[in-house]
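Please treat every number below as a calculation from the coordinates, not as lab data. Computed from a predicted model, the values in this text were never measured in an experiment. Note that each Cβ is placed from the backbone with ideal geometry, even for glycine, and that neighbours are counted across all protein chains shown.
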Amino acid sequence: MSVLYPSVQLNDISIGNIVAWNWDFGDNTPNDYTSSPYHVFKDSIGIYQLNLIVTDDVGCSDTTFKQLWVADDYWMYIPNSFTPDYDGINDLFCLTHHGIREATFYFNVYDRFSNLVYATENIADLECFLNENGWDGKHYKTGNDLPMGTYIYEVYFQDFEGWKHQDKGPIFIIR
């Protein structure tokens, strides 16, 4: 499971007339005594041993266990629009991320004629931080405001495990 959404729906598939369940999630939370609990793990990586003890109507019990791995995951949020109109709200295009090898990052923006209008290899240029970082919607060479419209970004990077990622999508400049 990913640390981004560490939740699981568990289902008992025991055979027989089961009358009692005791689920231990292995994360120091209270046990659950229902047949099919839904459990959310705290947002931390780790290996958790889930244990289930079932008891049938004649008092016989059985135990099973399973290890559950919650792993770290990379992510990147790239918005699809911004409004560089100097009103102090959403004036800069910026992104947020986790688990990215910053030295492998590059980001390009093209106009509808496939002309490069913005480029950076420094992820810090685009990190959302106190409305100070980000792209302001100006052409990277001329410094002129780009017209309102649709632009295409392409991004390349490696995640913390070394896997290569490439993506592209629209960016709308709204003035």
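I need the trypsin sites (Lys or Arg not before Pro) found in segment 22-128, filtered to DSSP loop residues with at most 13 other beta carbons within 10 Å of theirs.
Sites meeting the loop and neighbour criteria: LYS42, ARG112.
Subtracting the Cα-Cα distance from 0.36 nm times the residue separation, let me have the gained length for THR34 to ASP72 in nm, one decimal.
Residue separation times 0.36 nm, minus the Cα-Cα distance, leaves 10.8 nm.
Can you list the lysines whose alpha carbon sits under 23 Å from that of LYS42, skipping same-chain ones fewer than 8 residues off?
Counting by Cα, and skipping residues close in sequence, LYS42 has these lysines nearby: LYS66.
Taking H as built 1.01 Å from N, whose amide H comes closer than 5 Å to the amide H of PHE41, not counting residues under 5 places away?
SER7, VAL8
Through the Karplus equation 6.51 cos²θ - 1.76 cosθ + 1.60, θ set to phi - 60°, convert the phi angles of segment 76-81 into ³J(HN,Hα) values in whole Hz; use x for Gly and Pro.
In residue order, the calculated couplings are 8, 9, 10, x, 9, 7 Hz.
With point charges of +1 on the Cβ of Lys and Arg and -1 on the Cβ of Asp and Glu, referenced to the Cα centre of the chain, which listed residue (TYR151, THR96, ILE18) lies farthest in the positive direction of the dipole?
The one lying farthest along the dipole's positive direction is TYR151.
Find out how many positive minus negative residues lie around LEU52, taking Lys and Arg as positive, Asp and Glu as negative, among other residues whose Cβ is under 14 Å from that of LEU52.
-4
Whats the longest run of the chain with zero GluC sites (Glu not before Pro) that are DSSP loop and have at most 11 other Cβ atoms within 10 Å?
1-131
Between segment 42-105 and segment 111-128, what is the separation of their alpha carbon centroids in Å?
When both Cα centres are located, 28 Å separates them.
Give the long-range amide H neighbours of LEU95: residues separated by 5 or more places, or on another chain, with amide H under 5 Å away, using H modelled in the peptide plane at 1.01 Å from N.
GLU127, CYS128
Kirkwood Rh over alpha-carbon pairs of the chain, then Stokes-Einstein at 4 °C and 1.567 mPa s: what D in µm² s⁻¹, rounded to an integer?
Answer, rounded: 65 µm²/s.
Please work out the FRET efficiency for the pair ASP111 and PHE160, using the Cβ-Cβ distance as r and a Förster radius of 35 Å; give the result to the nearest 0.05.
Calculated value: 0.60.
Which of the chymotrypsin sites (Phe, Trp or Tyr not before Pro) found in segment 19-84 are in a DSSP loop and have at most 11 neighbouring Cβ atoms, other than their own, within 10 Å?
Taking segment 19-84 and a limit of 11 other Cβ atoms within 10 Å, the loop chymotrypsin sites (Phe, Trp or Tyr not before Pro) found are TYR33.
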